[in-house]
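Note sheet for the following structure.
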Amino acid sequence: MSKNYEKETICIQSGWKPKNGEPRVLPIYQSTTFKYDSSEQMGRLFDLEESGYFYTRLQNPTNDCVAAKICELEGGVAAMLTSSGQAATYYAVFNICEAGDHVVLSSTVYGGTYNLLTCTMKKMGIECTVVDPDAPEEELNRAFKDNTKCVFAETIANPALVVLDIEKFARIAHSHNVPLIVDNTFATPINCNPFKWGADIITHSTTKYMDGHAMSVGGCIVDSGNFDWAAYPDKFPGLCTPDESYHGITYTEKFGKAAYITKATSQLMRDLGSIQSPQNAFLLNVGLETLPLRVERHCYNATKVAEYLEAHEKVAWVNYPALKSNKYHELAKKYMPNGSCGVISFGLKGGRQAASDMMDKLELAAIVTHVADARTCVLHPASHTHRQMNDEQLIEAGVAPDMIRLSVGIENVKDIIADLEQALEKI
Ligand SMILES: *Cc1c(COP(=O)(O)O)cnc(C)c1O
C-alpha cells in the first residue's frame, strides 16, 4: 500500500483494491484457469517472462490479494498462501534445503512441525538438530554444521508458550550465514512483527487466529526480502544457480528480493501443489478484517483467566506470558508489548488424571484439537496432539504430561471463568 496505514486499516482496506465499477468486496475467482488472446502471450507466462495467471495450482487472484494483505501486516516484500500451516512450514524449509542439508530446529515448536522436520524430512535426506531455545549462545552455535541451511523456531511456541528471543536467534543464524525462519502463528502480526527483530522468513498457520472462526485450514509464507541469498551461492544453489526446470532462470538474478517466494511458487507449488482454495482464501480474508479486534479481546480474556487460575487452590501452575510470575514475561514485553496470545496452559495439583476429569466437566469450553479461534476450547496435549511422544520428548518439547492447553475465546470472560469454576469444584 502506498500510505503507511496502521494494522487495523490494513486489515480492512488492503489486498483487494477495486477499480471503477468493480465489486467492493474481494471476489472469489473460482476458476482453475485463465484465458489469453494469443498463444505467444501464454508462452511468455510459462517462461516467467511476464506475470499473469494461468492455472490456480500456481497462483490465483483471490489468494494473491489475501497474501498481499498478510505481507503488508508483516512488513514483508512477497508472500504466498498454502493449503495449510504444515504446507507453509514444509515449503519454507524445502525451498532452501535438499537431501544432504541440515536444519537447526527449536525443540518447542508445534508437534506437527517437529514430526515434519525430524521424521518426514529426514526420510528425504534433510537432517535436523533440535535445540533448546533458551540455551546460551555458545551452545546454540555448536548445533550448526557446514551444511546447515536455516534455523526454524516459533515466536510463541504452541503449546509450550515459550517466547522466542528473536534477536538472539537472528544474530546466531546470521553469524552462520543462514536465515531465521519463524512461525508467527500464535502472536499474529498484530502482536509481533518478527522481521523488525531480524527474522528473515515468516510462516503462519492461517487456520488459527487469522481465520479465527475455525472454518478453513490454510497457511502463509512471507519473505522479508532481507536475506542476501546471492552472497552465499554455494549454500543456496536453488536460488543462485540456473533452474533447469525453468529454462535456466536464476531466481536471485531475475527476481531480486522476490526470489525466494517466486521460487516457492513457480517450482514447489507447481510440483507439489499445496495451493489454498480460493474459497478458503475468501474466508481467511473475512477473518483478517477483524483480526486486531479479536486478538485484543483474546489477550484481555486470557489475562483475566490466567489470573483467576493462578489464584485457585486446586491449580498447581499456570503458564501465560502476561503473568508477572512467568519466565517469559520480560521477553514478551519486549517483543509483544500489546499482548501475546489467547492460549494459556496450566496443570492441576491432582495431576494428569485430574486434568482429564476436569476437562470432562467443562460445559462452555469444548474439547477440540483446534486452538486459537473465537470459541473457548481445551486440549490435553499429552493424550492428544503430542500422543506420539514419550515423557522425555514431551518435557523436551515443553509439554508437561499434566498440561491442559486452554485456548481462551472471545466470549464474555465472566462466563469462561464461571465454567472453569464449576468444573474445578467438581474434581
Ligand atoms: C496449527 C499450527 C501449525 C500447523 O498448521 P495447520 O494449518 O494445522 O497445518 C503450525 N504451527 C503452529 C504454531 C500451529 O499452531
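Read-outs: derived from the displayed coordinates by stated rules, not from any lab. Being a predicted model, the structure only gives us computed values, none of them experimental. Cβ placement follows ideal geometry from the backbone for every residue including glycine, while neighbour counts extend to all protein chains displayed.
For the residues M403, M121, what sequence is obtained by ranking on other C-beta atoms within 10 Å, fewest first?
Values: M403 25, M121 22.
The order, fewest Cβ neighbours first, is M121, M403.
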What nm distance separates the two modelled labels at A135 and E6, each placed 7 Å from Cα along Cα→Cβ?
4.2 nm
Say each of E421 and Q279 gets a label point 7 Å from the Cα, pointing the same way as Cα to Cβ; how far apart are those two points in nm?
4.3 nm
With springs only between Cα atoms under 10 Å, which of Q41, Q86, Q388 fluctuates most in a Gaussian network model of the chain?
Q41
Have a look at G248, I166, S274 and report the one farthest towards the positive end of the charge dipole of segment 166-281, computed about the Cα centre with Cβ charges (Lys/Arg +1, Asp/Glu -1).
I166
Percent of beta bridges antiparallel (DSSP, the chain, rounded to nearest 5)
55 percent
Which one of S51, C97, P133 has its Cα pushed farthest toward the positive end of the charge dipole of segment 7-286, where Lys and Arg give +1 and Asp and Glu give -1 at the Cβ?
S51
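Run the helix sum for the chain: -39,500 (n - 2.57) per DSSP H stretch of 4+ residues, divided by residue count, reported at 222 nm to the nearest 500 deg cm²/dmol.
Mean residue ellipticity at 222 nm (helix-derived): -9500 deg cm²/dmol.
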Note to self: C-alpha centroids of segment 388-427 and segment 162-198 sit apart, in Å, by 27 Å
On Cα atoms only, tilt of 166-175 relative to the major axis of the chain in degrees
40 degrees
Under a Cβ-only charge scheme (Lys and Arg +1, Asp and Glu -1), can you give me the dipole magnitude of segment 292-425 about the Cα centre, in debye to the nearest 20?
420 debye
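Over 29 Å between Cα atoms, which of K7/K235; K17/K149; K145/K208; K168/K208; K17/K196; K196/K349 qualify? Let's see the in-between values first.
Details: K7/K235 36 Å; K17/K149 37 Å; K145/K208 34 Å; K168/K208 27 Å; K17/K196 27 Å; K196/K349 40 Å.
In this structure, K7/K235; K17/K149; K145/K208; K196/K349 exceed 29 Å between Cα atoms.
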Taking Cα centroids, how far is segment 88-136 from segment 1-54 in Å?
33 Å
Roughly how many nanometres apart are two label points built 7 Å out from the Cα toward the Cβ at Q388 and R44?
4.7 nm
So, by mean Cβ neighbours within 10 angstrom, what's the order for 206-212, 34-40 with the highest one leading?
206-212, 34-40
Does anyone have the angle between helix 351-361 and the longest principal axis of the chain? Alpha-carbon axes, 0 to 90°, nearest 10?
80 degrees
0 to 90° range, to nearest 10: angle between helix 413-425 axis and the chain longest Cα axis
50 degrees
For a quick check, take a GNM of the chain with Cα springs below 10 Å and name the residue from V66, V162, V131 with the largest mean-square fluctuation.
V131
